[in-house]
Amino acid sequence: MYSTDVVKDNFYITASKSGLESSEIAALKRSIPERVNLKQLKKNESIRLVVGKKSGKSRIVAYKLSAGKSEYTAYRISDSAFYKLDDNIAKVNMAYPKPASARLSSTFNPARVNPVSGKVSPHNGIDYSMPMKTRVVSVIGGTVTKAEYNKTMGYFVEVSGKAGIKTRYLHLNKILVKKGQQVKSGASIALSGNSGRSSGPHLHYELLINDKPVNSLAFRPQKAGLSKLEQHAYAHMQEYEQYLD
Ligand SMILES: [Zn+2]
């Protein structure tokens with residue numbers, strides 16, 4: 001599986017270079033808005049395709065269409081149809097938006113064993129190593145329910161959102177918000193640090209759902225009342241989304 005470069009101008013040229021048959025192009029054409037002219041994309045329009053193989057033939061399995069301010073992603077659900085994600089079931093990414101200077105240094109592990117004591121000491125979050133005083137942003141919009149110091153967690157912030165979702169940011173250098181404050185997703189809430197029980201500058205990020213720690217990197221939203229079709233589309237997203245960014 002691979003993704004094409006972002007297609008601008010004439011879509012058909014890229015499609016044929018990718019070895020796509022006309023039936024594939026027709027399936028795609030049926031699923032995009034009529035106002036988008038694939039032969040002559042406008043300046044603010046572009047498409048990126050994810051192409052896979054089925055029975056030796058190239059096949060479009062997903063695509064991302066940008067048209068001005070609107071952008072949507074569609075996933076192949078049958079030979080003739082794509083499934084488009086609309087705003088109602090917009091995909092929510094609960095992973096911490098890691099800055100360029102950060103790398104994942106420790107993963108979520110509820111069964112982690114402390115090498116010294118031999119006891120199970122769960123790692124209920126994800127560690128991102130980053131330089132001191134890197135800007136930390138809230139993953140979700142919600143209310144700051146904690147902004148305090150703790151011997152283990154150091155300076156930390158907890159933001160609680162809708163549907164029993166909480167996020168926590170630990171080992172901070174400086175807290176920039178107050179308890180009770182409303183924050184939007186993406187808002188600066190702190191500067192990263194090395195406070196509390198921490199062996200080097202990093203951010204420990206936790207996602208909790210109904211107070212249960214969840215692996216934020218594996219989290220996929222499960223909305224009640226999703227149809228079979230929507231569930232099917234969600235199942236494919238995980239596989240395809242890495243090719244779409
Ligand atoms: Zn940690």
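The values are calculated or read from the model by the stated rules, or taken from the named source; none is laboratory data. Bear in mind that the values here come from a model prediction, so they are computed numbers and not experimental data. Neighbour counts run over all protein chains shown; Cβ positions are idealised from the backbone, glycine included.
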Looking at this structure, is Ile77 closer than 30 Å to Ala187 by Cα, surrounded by 12 or more Cβ atoms within 10 Å (Cβ to Cβ) and modelled with pLDDT under 85? no
The condition of being touching a strand residue (DSSP E or B) at 6+ places or on another chain (Cβ under 9 Å), under 30 Å from Ser138 (Cβ atoms) and modelled with pLDDT of 80 or more holds, among Ala67, Ala15, only for Ala67
Could you please give the count of residues in segment 167-205 that are within 16 Å of the ligand (Cβ to nearest atom), over 13 Å from Tyr96 (Cβ atoms) and basic (Lys, Arg)? 1
How do the strands (runs of 3 or more DSSP E) wholly within segment 35-76 filter down when requiring 2 or more residues that are more than 19 Å from the chain's Cα centre (by Cα): which remain? 45-54, 57-67
Top-ranked residue in segment 129-149 [being of a type outside the set (Gly, Ala, Ser) and modelled with pLDDT under 95; ranked as farthest from His171 (Cα to Cα)]: Ile140
As an exercise: evaluate Ala111 against (1) within 16 Å of the ligand (Cβ to nearest atom); (2) within 25 Å of Ala100 (Cα to Cα); (3) at pLDDT below 90 and give the number of the one condition it does not meet. (2)
Could you list, in sequence order, the residues of segment 13-28 that are under 19 Å from Ala81 (Cα atoms) and surrounded by 15 or more Cβ atoms within 10 Å (Cβ to Cβ)? Ala15, Leu20, Glu24, Ile25, Ala27, Leu28
Any pair with Cβ under 8 angstrom, 6 or more apart, that starts in segment 159-174 at a residue that is farther than 16 Å from His202 by Cβ and of a type in the set (A, V, I, L, M) and ends at one that is outside any strand (DSSP E or B) and more than 16 Å from the ligand (Cβ to nearest atom): Val159/Ser138; Val159/Ile140; Ile165/Met94; Ile165/Ile140
Look through segment 117-152, keep the residues that are more than 22 Å from Ser101 (Cα to Cα) and within 16 Å of the ligand (Cβ to nearest atom), and return whichever of them is farthest from the chain's Cα centre (by Cα). Lys151
Kindly indicate whether Lys178 is exposed (fewer than 12 other Cβ atoms within 10 Å of the Cβ), under 19 Å from the mean Cα position of the chain (by Cα) and in the same structural domain as Pro131 (by TED's automatic domain parsing). no
Can you name every residue in segment 32-59 that is buried (at least 18 other Cβ atoms within 10 Å of the Cβ) and among the polar types (S, T, N, Q)? Ser46
Using the structure shown, decide if Pro97 is surrounded by fewer than 19 Cβ atoms within 10 Å (Cβ to Cβ), in contact (Cβ under 8 Å) with a residue 60 or more places away in the chain and in a loop (DSSP other than H, G, I, E, B). yes
Could you list, in sequence order, the residues of segment 16-34 that are in contact (Cβ under 8 Å) with a residue 24 or more places away in the chain, among the hydrophobic types (A, V, I, L, M, F, W, C) and not in a loop (DSSP other than H, G, I, E, B)? Ala27, Leu28
